[in-house]
1. Relative contact order, percent, of the chain when contacts are C-alpha pairs under 8 Å separated by at least 6 residues?
2. Set Lys and Arg Cβ to +1 and Asp and Glu Cβ to -1, take the dipole of region 27-88 about its Cα centre, and tell me which of V84, I74, L38 lies farthest positive.
3. What span do the alpha-carbon atoms of the chain cover on each of the three principal axes, reported in whole Å from largest to smallest?
4. Give me the angle, in degrees from 0 to 90, between the Cα long axis of helix 23-35 and the longest principal axis of the Cα atoms of the chain, rounded to the nearest 10.
5. Would you work out the charge dipole size for the chain about its Cα centre, treating the Cβ of every Lys and Arg as +1 and the Cβ of every Asp and Glu as -1, and quote it to the nearest 20 debye?
6. Suppose R0 equals 22 Å. What FRET efficiency, 1/(1 + (r/R0)^6) with r the Cβ-Cβ distance, do R23 and S77 give to the nearest 0.05?
7. Starting from 0.36 nm per residue, how many nanometres of slack lie between Q60 and D43 once their C-alpha separation is accounted for?
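Please treat every number below as a calculation from the coordinates, not as lab data. In this text, all values refer to a predicted model and were calculated from it rather than measured experimentally. In this analysis, Cβ positions are derived from the backbone assuming ideal geometry, glycine residues included, and neighbour counts consider all displayed protein chains.
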Amino acid sequence: MCICAAPLTPPEGVTVYGYHQARDYQDVRNFFENRGVLFEHADTERDPANLQRMVELSGQQNAVVIEIGKKIFIGFSPDELDRVLPKG
């Protein structure tokens with residue numbers, strides 16, 4: 001990942017766990033894309049290892065899970081995400 005190309009991407013990286021067609025994943029994707037944040041999508045439907053990691057991080061598998069460094073967010077909460085993203 002080139003941080004210079006996306007100054008609003010946290011240096012520790014962003015991973016979003018969830019099913020690619022789920023509404024909450026789409027909301028998170030749009031949120032990050034609109035802010036110029038690069039992220040890795042860990043599709044939990046197509047890769048069982050991603051689902052297992054999501055459950056290990058959050059204890060659940062029904063909502064999108066966002067991992068930014070050591071911070072874990074369950075579900076889509078724009079206000080909480082804005083607080084941890086670098087300011088542009």
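1. Relative contact order, the chain: 35 percent.
2. Of V84, I74, L38, it is V84.
3. Principal axes ranked by extent give 34, 21, 21 Å for the Cα atoms.
4. 10 degrees
5. Working: 9 positive and 13 negative charges, 38 e Å.
That gives the chain a dipole magnitude of about 180 debye.
6. Efficiency, rounded to the nearest 0.05: 0.90.
7. On the way: separation 17, 0.36 × 17 = 6.12 nm, distance 1.49 nm.
Contour length minus the Cα-Cα distance gives 4.6 nm.
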